[in-house]
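Data block below; observations after.
The values are calculated or read from the model by the stated rules, or taken from the named source; none is laboratory data. What you are looking at is a predicted structure, and each value in this text was computed from that prediction instead of being measured. Virtual Cβ from ideal backbone geometry, glycine too; neighbours counted across all protein chains shown.
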Amino acid sequence: MSGRRFDVTAIGNAIVDVIAAADEALLVEHKLVKGAMSLIDAADAERLYRVMGPGREVSGGSAANTVAGIAALGGRAAYIGKVADDQLGDVFTHDIRAIGVTYDTPALTEGLSTARSLIFVTPDAARTMQTFLGATTQLGPEDVNMEYITSSRVVYLEGYLWDQPRAKQAMRDAALRAQASGVTVALTLSDAFCVDRFRDEFLDLVEHHVDVLFANEGEILSLYQVRTFDEALQCVRPHCHVAVLTRSEKGAVVLGGGEVHVIDAVPAVRVVDTTGAGDAYAAGFLYAYTRDCDLATCGRLGCAMAAEVIGHYGARPEADVKSIAARVLSGRTTRAGSTRSAG
């Protein structure tokens, strides 16, 4: 796949995050499910914003965070996601372009406002997300630049978008075009509650259209409706070329080509906010993957990127992640078995 314009093109919800510290009592009082992402309407968004502590606004969205991480590493990335022509939409557009991601999805000019996610971070660094999807619900097949899809090494799809019928069709169209063009299709399951809603459709997608699957432990257990992680490993093996399964402080397990790699987590100096840890992991993994690194190296860079992002508020890298990558990728091997330098 040499000569492709982009390493990764992602399709996802274009969201601005509002992040604030919160105590457990606030979650209980407002009946928020700790550690989960829940969809809310405009009225709830206004109500919960009023009870939040001092917040910090940063561009977010799961797949957007991933391509931002890839760009920060030095990769070539494009993004497809819908914002409104408003202040938060301008913030999102500026931020993703400033980090080096190609982004030109037409903004919504009337009706709904740009999506925002209210993120309550408890002292144990767990994040509880209350998300108003707004303009991103209007993403449709007409927004997918198929030239970006066919000129990428990987197309990365965000499971959260499956809640929207037109966005679902856009992702199906992109996956089919990618397959026809020899482009790797990657999917992140996004959330166990999302998997619960669309299990049969996700199973079909994973079995027939997905080459690289990203899931955390809760998501993969939900997908196959099993009780143990080992059972889930056996279920996912035959369904996609590579399965990347993250386990928080336990690290990750990467399956592919008959290989099983158990990757230890990178100890973080201090866990501040776990928002975007999975997104950062995917960024590191896909950056290495599009450079033909062996799966173990891909997994190690994923863990290193996740460790960086949980050490500060916000879901996008703040450190010099190129130097992190250089250390991890030094002396790596390719999936074909030959050695590569870190240059």
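Observations on the model:
- Considering each residue of segment 317-331 in turn, at least one proves to be among the small types (Gly, Ala, Ser), surrounded by 22 or more Cβ atoms within 10 Å (Cβ to Cβ) and either assigned to a helix (DSSP H, G or I) or at pLDDT below 95 (or both).
- Taken as a whole, the structure places TYR287 among residues that are within 15 Å of the chain's Cα centre (by Cα) and among the aromatic types (Phe, Trp, Tyr).
- Residues located in segment 96-111, provided they are modelled with pLDDT of 95 or more and either assigned to a strand (DSSP E or B) or among the charged types (D, E, K, R) (or both): ARG97, THR102, TYR103, ASP104, LEU108
- Within segment 66-88, the set of residues being in a helix (DSSP H, G or I) and at pLDDT below 95 comprises GLN87, LEU88.
- Annotation note: of THR297, THR246, the sole residue that is closer than 28 Å to GLY3 by Cβ, surrounded by 24 or more Cβ atoms within 10 Å (Cβ to Cβ) and among the polar types (S, T, N, Q) is THR297.
- Flag for TYR79 being crowded, with 24+ Cβ neighbours inside 10 Å and not small (Gly, Ala, Ser): yes
- Test for ASP95: is it acidic (Asp, Glu), within 24 Å of THR188 (Cα to Cα) and crowded, with 16+ Cβ neighbours inside 10 Å: yes
Condition check ((1) assigned to a loop (DSSP other than H, G, I, E, B); (2) out of contact with any strand residue (DSSP E or B) (no Cβ under 8 Å at 6 or more places or on another chain); (3) under 22 Å from ILE15 (Cβ atoms)) across all residues:
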residue	(1), (2), (3)
ARG177	no, yes, no
ILE220	no, no, no
LEU233	no, no, no
VAL236	no, no, no
GLU249	no, yes, no
VAL262	no, no, no
THR274	yes, no, yes
GLY278	no, no, yes
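- Which listed residue, of LEU161, LEU157, LEU203, is buried (at least 19 other Cβ atoms within 10 Å of the Cβ), closer than 23 Å to VAL254 by Cβ and either among the hydrophobic types (A, V, I, L, M, F, W, C) or free of Cβ contacts under 8 Å to residues at least 24 places away in the same chain (or both): LEU157
- Check on THR136, modelled with pLDDT under 95, in a helix (DSSP H, G or I), polar (S, T, N, Q) and farther than 22 Å from GLY284 by Cβ: yes
- You will find that of SER62, SER113, the residue that is under 18 Å from GLY314 (Cβ atoms), surrounded by 15 or more Cβ atoms within 10 Å (Cβ to Cβ) and hydroxyl-bearing (Ser, Thr, Tyr) is SER62 and no other.
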